[in-house]
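One structure is given below, encoded as structure tokens.
The values are calculated or read from the model by the stated rules, or taken from the named source; none is laboratory data. Not measured: the values here are computed from a predicted model. For neighbour counting, all protein chains shown are included, and Cβ atoms are generated from backbone atoms with ideal geometry for every residue, glycine included. Only protein heavy atoms, including side chains, enter the accessible area calculation; ligands, DNA and RNA are left aside. Shrake-Rupley method; radii C 1.70, N 1.55, O 1.52, S 1.80 Å.
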Amino acid sequence: MNMPTSSPHEPVIAINGLSRRFKSKLALETVSLAVERGQVFGLVGANGAGKTTLIKHVLGLLKAESGFVRVFGRDPVAEPVAVLSRVGFLSEDRDLPGWMRVDELIRYTRAFHRAWDSAYAERLREQFQLDPAARIKQLSRGELAKAGLLVALAHRPELLVLDEPSSGLDPVVRREMLEAIVRTVADEGRTVFFSSHLLDEIERVSDRVAMMAKGRVVLQGRLDEILESHFRLTLRFPTPPPAQPKLAGALHLTGGGLEWTALCNGARGELEAAAAVLGARIVEDTPASLDEIFLARMGGERSISDQLQPKVK
Amino acid sequence: MLLHISPKDGVPIYRQIVNQAKYLVGSGRLVPGEELPPIRVLAEQLVVNPNTVARAYAELEHAGVVTKRHGSGTYVSDNGSPLKRGEKLKILAQRADGLVAEAQHLEIDLSELLELIRERHRAMQSKE
Amino acid sequence: MNSPAAALAWEIWRKNRFGFLLLLVFLVVCLGLSRLATHFAAEASRLSSLLPAAAAEVIEANARATDWSSLAGWWSGVLLGLSLLVTLAVFAFAESSRMRGFSGIPARLFTLPVPTGRLVAVPLVSGVCFVALLYFAWSRLVLAPILPAELTLPDGYFLLLLSAALAGFQTLVWTLPGFPRTRATLLTLLVSSVAILSALPFAELNRWSERMPALMAIYGVSLVAAPFVAWLGVAQVRKGEWRDWPALTALLNRLADTVSRRRDFAGPAAAQFWIECRRNGRLALWSLAVVIFFILGVNAILLLDGRAYGRASLDAVYGPVLLFLVFIWTPVLGLMVCGEAATRRLPLMTFQATRPVAVGALVSAKLKAMLVVWLAGWLLAALSVGLWAMWSGQLDAWYDQFYRERDLVIVGVLSLHFLFGLFPLWLTGRVPGLPWSFVVLLIVYVGLGNVIGWFGRHPNWRETALLLIGFAAALKLGVAFLAFRQALKQKWVRRDFVFGSVSIWVVGTGFCLWLALRFMGRGDWDDTPLLPLAVLVFPLARVALAPLAMAMNRHR
């Protein structure tokens, strides 16, 4: 199997204008993103935002209806062998054959990858404390996720795709999984593309983040830039404003009475000017955490969709 | 080296690492010449992206707190910070602004604040 | 809904709307066929009373009457059997999950404030009532008109048998969710026994008039006992006891482990072949072994009972075994290979779909596993019947059957046709799995059988028949060519897949042609269609379409 390696400057995953409809529901709407080599790319979104659909497109399990998807420069639908042999995947529902034993699973998966590292697989198995004679249907949720991660990691894939790796796991197992992911990243040139709705783990390990809501990417960029550009301003009004005050540059406004907190997305000057116009004083100015940014953005989406839909009496 | 990272803090993770490392050096828990954990190891330990740790280390190096020796790792600097006195004071001025503003807000007057600073300094000295 | 009982009954209805609709459709279709059959039979008898027997109209009317009654008979038999199976499945109330297979009563119902008795009683009572209704509808509306006048259906016998069968089925499903293998075995035995017991009234056994009441008493007792057993069992399951039998499970696991894979695989093809065999092979061969053992057991009892029937005793074993092997086991095997044995689902698991192999490799592994297990099944059947022959002292008769009769080889080749069934359709993963797909297959094949039978009875339509066969052969080859070309173009398969399939087809078809040539001239009926038919038997188009279907499954 002689596969030409892609150039080092080409994005590992390139998605452009991808849309997908399931019957009447629009699951993805012109999604574009790029994942560079060696990056950890976090995909954030509520349940049903389209993360799994997007990941299935990356693996070639769904065909692109419009737009295109390229992994290592190739179409995963047209060239599944070339793409999938360099990818390690952990699915959201961890669907491994229940009747198999753990060691059979390892042996079976090994047959498909020349680059399988048996010693590494054995080390992982010991670390994850998986009994080789255990049947997969007897494994607990955490052990099942670890088994899936083991077979995804053991052939040292160039790209690791994880769909909600920590969902349903207790904190101990979650930490183990994240440690394994961090270790993968520390190896040179390995790329990780994972989706999660747990924002603290996204914040810990991602380089780049994309936020999805209702099938669209609402925010995308380097994590540190996003964190630096969003901040929380608490404004103190001299008199309680009659309704929710409209402030330019504010993504999301909560509060009541005299004090209102706005989440700002970089247009600091505008916000300060608008606040000054209304006579408010800035009393607190703190950086925003990722979940606050996310909630503010999601809240924004919801209010936009409210505006688009006529209110039914 | 024991660090505690909290993503929900609002402070970027690399900055938390930088601040805590500086505190450890300042309070003597990291002595000059002591080796910091390699980037990989610290990243695994804290479960954060190695690039974040790398950025923190780069900033610490730029601030003169640590030095990178070729191939053998990162070590706490022997001499104190090589920054010029003016730069050092500028860094501290930022911190002082915050402290003074907070004190005003809490209606603590200047003499009480100075007494507090002296007391904390004494406490840190006694720990060494 | 005012009461839990009504809610449960509603749930049974709502979950299985499609099943009930299917039952209604079956009934209506057979009713129509039955009416038509009686109409034409009446017309034929009217004409034969008016005109002399040799008149053309009389002959034609008789032929038509025979056609329609054979059609009605076939379809009624098949669809009645299917209706009963569907009823069993519907009222068994079980749900399936991807990893843990089929449950008993869904566990979510246990957390409702409903006493166990009611949970058990509602599906049981409604099921028994429904089965009685079904029986009366079919026996009065469909079967009575078309059965010969001297044959009467013993209502009491069948009512008791079917009700007891349903109650027993439900009891087994509900009380053994933690023992899937045992449960599957016992359910297979139950359905097989019911099939045999329902044939008994027509089998002319000695002392039947004494035996029937005794059997009916047994059915009655089972019918009364089943609710209690079910109640006890479900109460245990609900409390969390009786989940499994750790000692037994450990023992079975250890047995299974002795044949677990210890060596590494030579490559992806070997690994994929292993998983396909392991996934379905064990279950398929085990169920075959259970049924064969059961048939042998029943025959042993009959033999010891004193009914000495010489050569016929081998037929009594050989016949049912062959029937089961060819008409039930083979198509179900073909269907199972296409999907996941545990959950009967056809869409590919993502774990399988993300294997870094081409579509063709997935298909080849399935084909190889299918053929290996199918051959193993034949071997098992041959050995079992051989052992029986040895035990009952009829070894030379067995030798005759297997080595000298042509029929067996023809049946073998035909069963290969059944094995592939609707292979490409199932591989797409976009049609429902068991049991609905099996229904479709049965309908297709019985329909084909009817068509062939019709042409057989009407030799004046020979030219049309030949034309149709020629057209079908051309269609087959054309489809195969186009499908292979597309699969090669899309790089789903490699050239050796195409060459392999085509060569196997050429050899197989050559063999069928040779068989047909040997068979021609032996019978007293028109056998010119045999040669072109031989071209149609060996599967090629379906093999060619398989990679396209699998690609549809993998990339949606």
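The table below lists the values:
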{"item": "Solvent exposure ordering (accessible area, 1.4 Å, most first) of C:Trp10, C:Trp454, C:Trp75", "result": "C:Trp10, C:Trp454, C:Trp75"}
{"item": "At least 30 Å² accessible surface lost relative to isolated chain, residues of the range B:1-42 (1.4 Å probe)", "result": "B:Pro7, B:Lys8, B:Gly10, B:Pro12, B:Ile13, B:Arg40"}
{"item": "Chain C, accessible surface, carbon-and-sulfur percent (1.4 angstrom probe)", "result": "72 percent"}
{"item": "Antiparallel %, DSSP beta bridges [both residues in the range A:13-214], to 5", "result": "40 percent"}
{"item": "Surface per residue (accessible, 1.4 Å probe) for chain C, Å²", "result": "49 Å²"}
{"item": "Chain C: calculated mean residue ellipticity at 222 nm from DSSP helix runs of at least 4, using -39500 (n - 2.57)", "result": "-24500 deg cm²/dmol"}
{"item": "Placed amide H near A:Val12: partners under 5 Å, 5+ positions off or other chain", "result": "A:Val35, A:Glu36, A:Arg37"}
{"item": "Axial C-alpha extent at least 30 Å, average Kyte-Doolittle at least -0.5 - helices from chain C (DSSP)", "result": "C:17-50, C:56-92, C:116-136, C:208-239, C:282-304, C:359-391, C:436-457, C:462-489, C:495-519"}
{"item": "Number of partner chain Cβ atoms within 10 Å, mean per residue of C:345-358", "result": "6"}
{"item": "Where A meets C: accessible area buried, both sides, 1.4 Å probe, Å²", "result": "3200 Å²"}
{"item": "Long pairs among C:Lys368/C:Lys476; A:Lys63/C:Lys368; C:Lys15/C:Lys239; A:Lys51/A:Lys214, criterion Cα-Cα beyond 20 Å", "result": "C:Lys368/C:Lys476; A:Lys63/C:Lys368; C:Lys15/C:Lys239"}
{"item": "Surface share of carbon and sulfur [accessible, 1.4 angstrom probe, percent] for chain A", "result": "51 percent"}
{"item": "Bridge type composition, the protein assembly as shown - antiparallel percent by DSSP, nearest 5", "result": "70 percent"}
{"item": "Relative contact order of chain C, defined on C-alpha pairs under 8 angstrom at six or more residues apart (%)", "result": "13 percent"}
{"item": "Helical mean residue ellipticity (222 nm; -39500 (n - 2.57) per DSSP H run of 4+; nearest 500) of chain A", "result": "-10000 deg cm²/dmol"}
{"item": "Long-range HN-HN contacts of A:Ala27 with modeled amide H, under 5 Å", "result": "A:Arg20, A:Arg21, A:Phe22"}
{"item": "Placed amide H near A:Gly45: partners under 5 Å, 5+ positions off or other chain", "result": "A:Ser196, A:Met212"}
{"item": "Other protein chain Cβ atoms within 10 Å, averaged over every residue that makes up C:279-285", "result": "1"}
{"item": "Size of the A/B contact, given as accessible area buried on both chains, probe 1.4 Å, in Å²", "result": "1700 Å²"}
{"item": "Carbon and sulfur %, accessible surface of chain B computed with the full protein complex present, 1.4 Å", "result": "56 percent"}
{"item": "Rounded FRET efficiency, nearest 0.05, which uses the C-beta distance separating A:Glu29 from C:Leu85 and R0 of 35 Å", "result": "0.15"}
{"item": "Solvent exposure, largest accessible area first (probe 1.4 Å, DNA, RNA and ligands not counted), of C:Tyr399, C:Tyr135", "result": "C:Tyr399, C:Tyr135"}
{"item": "Rg(Cα) / (2.2 N^0.38 Å) computed for the range A:13-214, rounded to two decimals", "result": "0.99"}
{"item": "By accessible area with a 1.4 Å probe, ligands and nucleic acids excluded, highest first: order of B:Tyr57, B:Tyr75", "result": "B:Tyr75, B:Tyr57"}
